[in-house]
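**Student:** Here's a structure for you.
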Amino acid sequence: MLLSSLIPLPILNTVPQVIELQQMLEQAWNAGFDPDGCAQLGRVVNTRKWIGATEIYCILAHLGVRAHIVDFHRATGANGTHPALFTWIVEYFTSGSKDERGLTNKHPLYLQHQGHSRTVVGVEMAEEGVSVLVFDPDVPAARTPTRFLLSHTKNAQQYQIVYVDSEPHNVAQIPKTISSTRIP
């Protein structure tokens, strides 16, 4: 979904299939993006190797999209939950300009944890608390987002988010080595 949100830009015509993502990743590596990841994973085309946050960063960077990784490397709440993750996501979707209906033009977020990724498309604020709205590949044929609650975050020790700037950039201006912002 993160990639599908980029279709209006002149860099993608369609949403790539898995084999195409694998090919795009190897093209990014061949162009010098993330040499450490390339050395660690080697070939990925026609394999079952997972494409995670750093690999998505490489694909986006190679396409000329400035991406950023935010690393929530430890729990910040009671019972191993990640309220700092929720705070960051709420801030992302509620900051900046909105249209007359209150909708933002922000791209979805790529949320990665322990070998599983979800696409975050927004937040829902209610009296009971905040729900993060996600599309989850483990939920078959979901046409509406699933509510991801703070209590669900205790199932993983670490989370990573990939987010993109809204404007395309010259590929030469995008760092080829990966860095992240660590929270907390």
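**Student:** If I ask for residues that are assigned to a loop (DSSP other than H, G, I, E, B), in contact with a His (Cβ under 8 Å, 6 or more places away or on another chain) and not aromatic (Phe, Trp, Tyr), which ones from the range 15-57 would you list?
**Tutor:** Passing the criteria: only Ala31.
**Student:** Now, a different point. List pairs: first residue in the range 32-56 and over 17 Å from Leu3 (Cα atoms), second residue of a type in the set (Gly, Ala, Ser) anywhere in the structure, Cβ distance under 7 angstrom, at least six positions apart or on different chains.
**Tutor:** Phe33/Ala61
**Student:** Scan the range 84-98 and report the pairs whose first residue is open to solvent by 40 Å² or more (accessible area, probe 1.4 Å) and whose second residue is charged (D, E, K, R), with Cβ atoms within less than 9 Å and a gap of 6+ or a chain change.
**Tutor:** From residues that are open to solvent by 40 Å² or more (accessible area, probe 1.4 Å), the pairs are Gly96/Lys106.
**Student:** Still on this structure, please answer the following. Quick check on my filter: what residues within the range 36-57 are open to solvent by 30 Å² or more (accessible area, probe 1.4 Å) and under 23 Å from Ile161 (Cβ atoms)?
**Tutor:** Asp36, Cys38, Gln40, Leu41, Lys49, Trp50, Ile51, Thr54
**Student:** Of all residues in the range 58-83, count the ones that are open to solvent by less than 10 Å² (accessible area, probe 1.4 Å), within 20 Å of His116 (Cβ to Cβ) and among the β-branched types (Val, Ile, Thr).
**Tutor:** Summing the residues that are open to solvent by less than 10 Å² (accessible area, probe 1.4 Å), within 20 Å of His116 (Cβ to Cβ) and among the β-branched types (Val, Ile, Thr) in the range 58-83 gives 3.
To keep it simple, each residue is scored yes or no on (1) more than 22 Å from Asp71 (Cβ to Cβ); (2) modelled with pLDDT of 90 or more; (3) under 14 Å from the mean Cα position of the chain (by Cα).
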residue: Thr104; (1), (2), (3): yes, no, no
residue: Gln112; (1), (2), (3): no, yes, yes
residue: Arg118; (1), (2), (3): no, yes, yes
residue: Ser131; (1), (2), (3): yes, yes, no
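**Student:** Considering only the range 58-112, state which residues are at positive phi and not in a helix (DSSP H, G or I).
**Tutor:** Gly64, Gly96, Gly102
**Student:** Could you check how many residues of the range 106-115 are open to solvent by 30 Å² or more (accessible area, probe 1.4 Å) and either closer than 26 Å to Pro35 by Cβ or in contact with a strand residue (DSSP E or B) (Cβ under 7 Å, 6 or more places away or on another chain) (or both)?
**Tutor:** 2
**Student:** Right, next: Against the definition (acidic (Asp, Glu) and within 29 Å of Gly122 (Cβ to Cβ)), how does Glu20 come out, yes or no?
**Tutor:** The answer is yes for Glu20.
**Student:** Another one. Counting only residues that are without any contact (Cβ under 8 Å) to a residue 12 or more places away in the chain and surrounded by fewer than 14 Cβ atoms within 10 Å (Cβ to Cβ), give me the strands (runs of 3 or more DSSP E) lying completely in the range 134-184 with at least 3 of them.
**Tutor:** none
The values are calculated or read from the model by the stated rules, or taken from the named source; none is laboratory data. Given the structure is predicted, the values throughout are model-derived calculations rather than measurements. Cβ coordinates were reconstructed from backbone atoms using ideal geometry, including for glycine residues, and neighbour counts include every protein chain displayed. We work out accessible area using only protein heavy atoms, side chains counted, and drop any ligands, DNA or RNA first. Shrake-Rupley method; radii C 1.70, N 1.55, O 1.52, S 1.80 Å.
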